[in-house]
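Here is the structure we will look at.
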Amino acid sequence: MPLTPLIEVLGNQRAAHLLRRTVFGATPDLVQEFSQYTPQEALNKLFVSEIPYPAPPIDPATGQEWMTTGTTDANSEGFELERYFLGWQLGQFLGANVAEEQKLSYIFRERLVYFLHTHFTTKKSVVGNSRALYFQNQLFRQFAFDQYLEIEETGETLSFKDLVIKISLDNAMLQFLDGRLNVKGSPNENYARELLELYSVGRGLEGTDKGDNDTGDYGTFTEQDVQVGARILSGFNVDDTFSFIDEQTELPTGIAKGNGLTAAQHDNESKQLSFRFNNAVISPDPELLLNGQATYESAVDEIKQFIEVIFQQEETAIHICRKIYRFFVYHEISEEIQNGVIKNMAAVFVEENFSLQAVLQALFSSKEFYEGGDGISDDNFGSIIKSPLDLIIGHARSVALELPDFISDYNSFYEITNDWLGKMGDMGLNFYEPFEVAGYLAYHQFPIYHRGWITTSYLTQRYAYVQSVSNADMEGMAVALKTPIEYVEQYVDNNIASNARDLVVEISNQFLALTDNLGFDNPDNSPLTEERLNYFLDAFLKTFQIDENPEEA
């Protein structure tokens, strides 16, 4: 069965849900605007072609960018440049320096850049080069709206499958997973293993019986496939000059180890995959060889053949759609959801030639995204624990906060984003420095997933951050932080604000993922208990020392 289309207007709750998941959050005015749209009308606002790419970050030591021009002795130290890159990326999540009419789609694209980073994760401490991180980031940006990524010569559009090929040759990835060490006669299996286990076919649905397979058989691939994959991927190196350019993306990419004409360190023999891949044979194309020797083109063609075989497996589309579902909907995937929503998403993915954009459009316009579908309790939906990044950027989006200009006022910009990076680290997200090769634990660690963001220490830091922004004690913002009273004055109707109970309900509805049944008068059906609502009410009244029905509020 296909996903069930939602054809009516969104309404407030569904509009807020869509905006939280796609653009980190929104002001009440934007939620109200989107509440009048059908899902397709809303998606037309989110998926927009010809959105500009961001200008590169600035190094305060030179007052110039260094990504496209390279570095000199005048530039800041490498670790400082990495920090500036990370701060710059936070700015992109808020649509820094983008025209208002393009900002929403721009931020959504950046949200997808973050999703792709959580899928193809790299660690800055291992990569050790801000330019490599930047160009990988740009690669994700190109493939976020992949239906708009067209090759001029052929008219073809690139897709997630093509991104897997590109990331296999990406300089940051070659450094991170030791692709640069993988040579003929001495294969390094690190990247081949993660390509299969994490980035493509996976190991099946976590927590389910995988059967009694032979040693080295993971149900979707085998050790033989890892070993053969390493041979297919052999012979490439990091280009630390970033001067070798991929013709399709026009971005720097890895180079072949050789004399410039041949790929001397690529294993040029035919390779046979296991029965899990129907014993497919990957062989060099004779027309791409030079006097029988491997070339860059022939080695890349073998990678394309390998990826093609991987994507012919039913489980590949299912695995990637599970990652999409967990990021945008909910972490728990039962066999019922796997056999329903996930396989329906995978069907769209395959039919649309593995377009990320196509499967997201189908998901975000479906009842399953907003309501869970027949027989599924809707209390799972809207209940992802926010990552520290979502918490910080989401709050900024909800109060229309803007950062200083990262080009003309970069010192102030970096002062704020550096503070945010520190706060994120305190709350458990060391941006671009995940604990494991598999990435940030909340996106892959069965069975806790997003609950990994909550420990005693992390929760204390969350409370401290929320308190600091509620007190509006951050300096230097282009648009100042708002206290609760200032927020109420701007966004809440005076008739509601004049009654403390109504005000607590209204603010809870705006900031929390709740149903329309919230209220003091129906405790049995309210998504927040009467005790919790009275706690909010008591805190509000004590903080502002006002009567329960304050006319001036």
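Here are the numbers for the structure shown:
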| read-out | value |
| --- | --- |
| Partner lysines for K45 [C-alpha distance under 22 Å; skip if fewer than 8 residues away on the same chain] | K103, K367 |
| Shape of the stretch 388-544, Cα gyration tensor, a/c cut at 1.5 | oblate |
| Mean Cβ neighbour count within 10 Å, used as a protection proxy, ranking 257-267, 3-13, 392-402 highest first | 392-402, 257-267, 3-13 |
| Angle between the chain longest axis and helix 78-93 axis [Cα atoms, degrees, rounded to 10] | 60 degrees |
| HN-Hα J in Hz across the stretch 274-283 - Karplus 6.51, -1.76, 1.60, θ = phi - 60°, x for Gly and Pro | 7, 4, 5, 10, 6, 6, 4, 10, 9, 10 |
| Sparse-neighbour loop sites [chymotrypsin sites (Phe, Trp or Tyr not before Pro); the stretch 240-322; at most 15 other C-beta within 10 Å; DSSP] | F244 |
| Computed [θ] at 222 nm, helices only, for the chain once each DSSP H run of length n ≥ 4 contributes -39500 (n - 2.57) | -13500 deg cm²/dmol |
| Rounded to 10°, Cα long-axis angle of helix 500-511 versus longest principal axis of the chain | 10 degrees |
| Farthest positive-ward along the chain dipole, Cα basis, beta-carbon charges - from W420, T529, F24 | W420 |
| Percent of Cα pairs exceeding the 28 Å cut-off, where the set is the stretch 159-312 | 17 percent |
| Entry for volume of the Cα convex hull per residue in Å³ (calculated from the structure that is shown) out of [x] 171; [y] 441; [z] 162 | [z] |
| Hits among lysines - C-alpha to C-alpha of K257 under 21 Å, sequence gap 8 or more where chains match | K166, K184, K271, K304 |
| Selection of trypsin sites (Lys or Arg not before Pro), the stretch 189-219, meeting DSSP coil and at most 16 other Cβ within 10 Å | R203, K210 |
| Angle in degrees between helix 223-232 and the longest Cα principal axis of the chain, rounded to the nearest 10 | 70 degrees |
| Charge dipole (the stretch 159-312, unit charges on Cβ, about Cα centre) - positive-most of N188, F221, A172 | N188 |
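Readers should treat all values here as calculations from the given coordinates under stated rules, not as data from a laboratory. This one's a predicted model, so the numbers in the text were calculated from it and none came from an experiment. Heads up, the Cβs are rebuilt from the backbone with ideal geometry, glycines too, and the neighbour counts pull from every protein chain shown.
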